[in-house]
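Data first, discussion second: the structure below is written as structure tokens.
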Amino acid sequence: VFDMAKASTVHEYLLSLKLVVREVAEQKMGRKIENAEILELPSSCITAALVRDFRNLRVQGVPEGPESKTARLTANGHLRNAHAAVAPNIIDHLRDKGMNIPDLTPFRSSPLFKDLRTVYVLPPDNVIMGVAKAIRTELPTHSNPLFYPAALLAEQAGLRRKEIVHAMWSWFEAAGQPVIRVMTGEGFTPKNNRWRRVKISRWLFNELQKYKRDDSEYILAGSSRWWVD
């Protein structure tokens, strides 16, 4: 029902929904509310007004600046989780089970805090090229041979840290345009439980082959993934 979301992710959705309801209800009632009371509240309390009141509570008394931005980002995170917990397919599923649930569209469409995106400015080209050159000239001579291929997988393929640690030679496809297929493996699951295909240059494919070891199925050889990590 939750489109392949992990149980832990769904648990976070529900915790956020309860947190939003709890904070607003406690402010209105002027007292702490027990968990059982939260569960007994009707779904009709999940409204656009709930979003508005939660937003106001989260920034109440917080001075403008970094703390205010953090408070708004955290509020948005909880509200997005709460929205996911009452997504249309979830509500349809519960209605099919005979539950009487009102229209929660106003809650899900009520606006979140805006203008919180951080705009990153890339450094000048000469700085970027300097870093790339340092990777290719300095790291290969480093005492730890893992640093160079790890840096290449980050710089040239854009792999995430856990993907780099668990990257396997079997992920490579060399025919035509070389690609890396980020797949589920022992102790590793790709983000959102979905594999992805990353195009890489022929140069990267050939360069990494220099570090291939017969005794390791992983690109970053080591006694364990924990050790490599």
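The values are calculated or read from the model by the stated rules, or taken from the named source; none is laboratory data. Because the structure is predicted, anything quoted here is derived from the model rather than measured. Cβ sites come from the backbone with ideal geometry, for glycine too, and all protein chains shown count toward neighbours. Note: accessible area is taken over every heavy atom of the protein model, side chains too, but ligands, DNA and RNA are not part of it. Shrake-Rupley method; radii C 1.70, N 1.55, O 1.52, S 1.80 Å.
Just a few scattered comments:
- For the range 18-83, with +1 on Lys and Arg beta carbons and -1 on Asp and Glu, the positive-most of L41, A25, T74 along the dipole: T74
- Computed accessible area, I46, all protein chains, 1.4 angstrom probe, square angstrom: 20 Å²
- With Cα atoms, 0 to 90° folded angle of helix 147-157 axis to the chain main axis: 60 degrees
- Debye equation applied to the C-alpha atoms of the range 171-229, log10 I(q)/I(0) at 0.30 Å⁻¹: -1.21
- In the chain, the calculated helix contribution to ellipticity at 222 nm averages -15500 deg cm²/dmol per residue, counting -39,500 (n - 2.57) for every DSSP H run with n ≥ 4.
- Residues whose placed amide H lies under 5 Å from that of R196, excluding near-sequence neighbours: V182
- Per-residue ³J(HN,Hα) for the range 8-20, Karplus 6.51 cos²θ - 1.76 cosθ + 1.60, θ = phi - 60°, Hz, x for Gly and Pro: 5, 5, 4, 4, 5, 4, 5, 4, 5, 4, 5, 4, 4
- Comparing the range 70-229 with the 2.2 N^0.38 Å rule of thumb, its C-alpha radius of gyration ratio is 1.46 (two decimals).
- For the chain, the longest principal axis of the alpha carbon atoms and the long axis of helix 66-85 meet at an angle near 80°.
- The loop-placed trypsin sites (Lys or Arg not before Pro) in the range 82-185, going by DSSP, that have at most 14 neighbouring Cβ atoms within 10 Å of their Cβ come out as K97, K114, R117, R160.
- Working note: Karplus 6.51/-1.76/1.60 with θ = phi - 60° gives the range 205-222 the couplings 4, 5, 5, 5, 4, 5, 10, 6, 10, 5, 8, 9, 7, 9, 5, 9, 5, x Hz, where Gly and Pro are set to x.
- The range 1-71, accessible surface, carbon-and-sulfur percent (1.4 angstrom probe): 56 percent
- For the chain, the number of Lys pairs separated by eight or more positions or lying on different chains, with C-alpha atoms closer than 21 Å, is 13.
- Cα convex hull volume per residue for the range 1-70 (Å³): 138 Å³
- Distance from the range 159-229 to the range 90-106 (C-alpha centre basis), Å: 43 Å
- As a fraction of the 1.4 Å probe accessible area of the range 124-164, surface on carbon and sulfur atoms comes out at 61 percent.
- D by Stokes-Einstein for the range 102-168, Kirkwood Rh over Cα pairs, 20 °C, 1.002 mPa s: 136 µm²/s.
- Annotation note: GluC sites (Glu not before Pro) in the range 139-188 located in DSSP loop regions with a Cβ neighbour count of at most 14 within 10 Å are E186.
- Probe 1.4 Å, protein heavy atoms only - accessible area per residue of the chain in square angstrom: 64 Å²
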